[in-house]
Amino acid sequence: MIMDILLIPLVLLAVIVLIAILKVLLTAKKVTVQHSYDAAGALLSPAELSFFKVLELVVKDNAHIFIKVRVADLLKPSKGMTRSNWQKAFNSISSKHIDFVICEKTNLKPLCAIELNDKSHQRKSRRLRDEFITKAFASANVPLEFITARRSYSAEQIRDQLEPYLGAVLKLKRPVPNENSASLVSTTSTSAATPNPLV
């Protein structure tokens, strides 16, 4: 008799657990995709891809180049803020990204962030965004360089512009220019020249 009374709560608990498991399984089966999607295509625009190839020439195998990096992966709100201010600071960077980030090969520490400025950066909203990004990176002591999008780039000029941040990396295998080396990379092709709408 006493054993039967003790078993009742255990049986009830088992039934409740079973009902909860069945509910979770039934709910999981009802999950459906509510929206349809299309592939976005190439990660970089033609202008960005052209510049990426120049960066590859500049850093060689001495560093890693990452594209479209979230600002929130490079910066974080300073310690000591109230929870509310921390959240506001985080929200200000959470949806923004940087075009290119060059990192040390051994530990992936960011050496320099790069924004490629096309015509869209002339809009007021973009100028305000760039001003905010500049101040945010400066406050965190993370180098940020703005480079104007062009139809062609001189690898030597880009190397010189980035040398303050990448000096040690660039000196590992700094190429010696010769007549056969292509130091100028163009976004246009002689066989199928297409205008670059971003420049």
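The values are calculated or read from the model by the stated rules, or taken from the named source; none is laboratory data. What you see is a predicted model, and the numbers here were worked out from it, not measured in a lab. All Cβ positions, even for glycine, are placed from backbone atoms using ideal geometry, and neighbour counts span all protein chains on display. The accessibility values were calculated without ligands, DNA or RNA, using every heavy atom of the protein model including side chains. Shrake-Rupley method; radii C 1.70, N 1.55, O 1.52, S 1.80 Å.
How many residues are outside any loop (DSSP other than H, G, I, E, B), in contact (Cβ under 8 Å) with a residue 24 or more places away in the chain and within 16 Å of the chain's Cα centre (by Cα) if we restrict to the range 30-50?
1
Considering only residues that are outside any strand (DSSP E or B) and within 21 Å of residue 49 (Cα to Cα), look in the range 142-152 and name the one that is least open to solvent (accessible area, probe 1.4 Å).
Of everything passing the filter in the range 142-152, 149 is least open to solvent (accessible area, probe 1.4 Å).
Would a scan of the range 62-73 turn up a residue that is out of contact with any Leu (no Cβ under 9 Å at 6 or more places or on another chain), among the charged types (D, E, K, R), at pLDDT 95 or above and open to solvent by 20 Å² or more (accessible area, probe 1.4 Å)?
Yes, the range 62-73 has at least one match.
Find the residue count for the range 153-173, including only residues that are in contact (Cβ under 8 Å) with a residue 12 or more places away in the chain and either open to solvent by less than 20 Å² (accessible area, probe 1.4 Å) or within 23 Å of residue 138 (Cβ to Cβ) (or both).
Residues that pass the stated criteria total 11.
Please tell me if residue 117 is more than 19 Å from residue 158 (Cβ to Cβ), of a type outside the set (Val, Ile, Thr) and open to solvent by 20 Å² or more (accessible area, probe 1.4 Å).
no
Return the only residue of 105, 109, 96 being under 23 Å from residue 145 (Cβ atoms) and free of Cβ contacts under 8 Å to residues at least 24 places away in the same chain.
None of the others qualify; the one that does is 109.
Which of the residues spanning the range 51-66 are in a helix (DSSP H, G or I) and under 19 Å from residue 168 (Cα atoms)?
Of everything in the range 51-66, those that are in a helix (DSSP H, G or I) and under 19 Å from residue 168 (Cα atoms) turn out to be 54, 55, 56, 57, 58, 59.
Can you tell me how many residues within the range 120-141 are hydrophobic (A, V, I, L, M, F, W, C) and either touching an Asp or Glu at 6+ places or on another chain (Cβ under 6 Å) or not in a helix (DSSP H, G or I) (or both)?
1
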